[in-house]
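First comes the structure, then the notes that go with it.
Nothing in this text is a laboratory measurement; each read-out follows from the coordinates by a stated rule. The structure presented is a predicted model; accordingly, all values stated were derived computationally and were not measured. When we count neighbours, we look across all protein chains shown, and the Cβ atoms used for this are built from the backbone with ideal geometry, even at glycine.
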Amino acid sequence: MLYDNHGRIINYLRLAVTDRCNLRCQYCMPEEGIDYVPRSDLLTYEEIERVITLFAQMGIHKIRITGGEPFLRKGLVDCIRRINEIKGVQSIHLTTNGTLIRDIIPSFHSMGVRSVNLSLDSQDPERFKKITRRDDHEKVMESLTLLIEHDIPTKINMVVMNDQNVEDIFPMLELTKHLPVSVRFLEEMPFNGIGKHSEMTLWNHLKILETIREKHPALYPIDNAPNSTSVNYKIPGYEGSFGIIASYSRLFCGTCNRIRLTPTGVLKTCLYDGGVFNIKDLIRNGASNDDLATALLSALGSRAKDGKEAELLRASQFINESMATIGG
Ligand code: SAM
Ligand code: SF4
């Protein structure tokens, strides 16, 4: 098993396979002027599979594929199938905007995909368009229907933003009335790619919960999965559940079991750190598996205790990354 210097078990890798996206969610990316990394700077599938094979031997058993929009990357389905064959990989999960998966959903079970996190910030097509700057609401709703039809455990991620989609909190909750989904309300984080952050914490976890409780006073807490980032609740009589993720307040760091690899191979031991080392550079400079393992162990040996400390220790205090380049 892998441990960090705070005694936390590390068994979960979030892998961003691309920084490209077909949407332009306001909280994640600017509308224009994005410098995508050249394809030659991306970890190749061969490199990804080598790293996962090694990490799985070391104790990483859960893999989440994210991005950018992961399904923009050609060949991903075959890569996921190969990851599913790697010894030690116990489960594969996806985070996607749902616009490109309609035809792939029926294959998810055979690909080894255990669950999907689907981003949906509004059920109102106009507000969806305003937030994502694209007119793809219908496609996402169709994917949601198909995910449920194919029995893929699904969580819906909604970033709650002042003046943008607060009115969507209740319609989104209503989705859980008859559907077996979990809707998770996320605090907005500063990773919008432009470095301008205003009123970010106005809709924090407390305000979200209180707003919901006013209308649903009988809501009750349910068990959280180990290492869960969301605090979860149910409304009596509703089939699904909802969760609140204090992603900006960072209340879940004490049980954090994850590391991240960005599309270019930067290993992060915390969402808020500036990156610890670049595994692609090591590989392309001829590193052996022992060298890669040593680099990972050393990174975990000096891991920040939480996201606040990681942010303080960043080389640059100015956060202007896009979540798409980190892997949300
Ligand atoms: N494109 C895919 C998607 O949207 O699901 C995967 C990548 S996206 C970066 C992963 C998750 O990060 C999404 O659920 C998105 O809502 C969330 N996210 C992106 N930027 C964020 C921000 N600034 N604050 C909070 N969550 C954010
Ligand atoms: Fe694209 Fe996901 Fe970022 Fe939206 S949140 S711009 S869908 S990467």
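Counting other C-beta atoms within 10 Å, and keeping those with at most 13, which DSSP coil trypsin sites (Lys or Arg not before Pro) do you find in the range 173-251?
On the way: sites: Lys177, Arg184, Lys196, Lys207, Arg213, Lys215, Lys234, Arg250; in loops: Lys196, Arg250.
Those that pass, being in a loop and sparsely packed, are Lys196.
For Val77 and Asp151, what is the calculated FRET efficiency with R₀ set at 22 Å and r taken between the beta-carbons, to the nearest 0.05?
Working: r = 19 Å, r/R0 = 0.86.
Efficiency, from the Cβ-Cβ distance: 0.70.
Work out Dmax and Rg for the range 123-281 from the C-alpha atoms and quote the Rg first, both in angstrom.
16.9, 53
What is the order of Glu210, Glu239, fewest Cβ neighbours within 10 Å to most? Don't jump to the answer; show the numbers that get you there.
Values: Glu210 9, Glu239 13.
Going from least to most buried by this count: Glu210, Glu239.
For the range 100-164, I need the span (max minus min coordinate) of the C-alpha atoms along each principal axis, in Å, sorted largest to smallest.
Over the range 100-164, Cα extents along the principal axes are 41, 19, 15 Å.
Normalise the Cα radius of gyration of the range 244-313 by 2.2 N^0.38 Å (N = residues in it) and let me know the number. Before the final figure, lay out the partial values.
Details: Rg = 13.2 Å, N = 70, 2.2 N^0.38 = 11.1 Å.
Working it through for the range 244-313, the quotient is 1.20.
So in the chain, what percent of DSSP beta bridges are antiparallel if you round to the nearest 5?
Working: 12 of 45 bridges.
Once the DSSP bridges in the chain are tallied, antiparallel ones form about 25 percent.
Using only the alpha carbon atoms of the range 1-160, find the Kirkwood hydrodynamic radius as the inverse mean reciprocal pair distance, in angstroms to one decimal. Before the final figure, lay out the partial values.
Values: mean 1/r = 0.0598 Å⁻¹.
Computed over Cα pairs of the range 1-160, the Kirkwood hydrodynamic radius comes out at 16.7 Å.
May I ask what percent, to the nearest 5, of DSSP beta bridges between residues of the range 1-95 are antiparallel?
Values: 1 of 10 bridges.
Just about 10 percent of them are antiparallel.
Restrict the search to the range 1-82; then list the GluC sites (Glu not before Pro) that DSSP places in a loop and that have at most 16 other Cβ atoms within 10 Å of their Cβ.
Passing both the DSSP loop test and the Cβ count: Glu31, Glu32.
Going by how many other Cβ atoms sit within 10 Å of their own, how do Thr96, Thr44, Thr325 line up, fewest first?
On the way: Thr96 21, Thr44 15, Thr325 25.
In order of increasing Cβ crowding within 10 Å: Thr44, Thr96, Thr325.
Going toward the positive end of the dipole of the range 2-326, with +1 on Lys and Arg Cβ and -1 on Asp and Glu Cβ, which of Phe191, His6, Asn22 do you reach last?
Of the listed residues, the answer is His6.
Which cysteines in the chain lack any other cysteine whose Cβ sits under 4.7 Å from their own Cβ?
For the chain, the answer is Cys21, Cys79, Cys253, Cys256, Cys270, because their Cβ atoms have no other cysteine Cβ under 4.7 Å.
Per residue, what volume in Å³ does the convex hull of the Cα atoms of the chain enclose? Show your work: numbers first, answer last.
Details: hull volume 41.6 nm³, N = 328.
So the per-residue Cα hull volume is 127 Å³.
Between Leu251 and Thr211, what is the label-to-label distance in nm when each label sits 7 Å out along the Cα-to-Cβ direction?
1.6 nm
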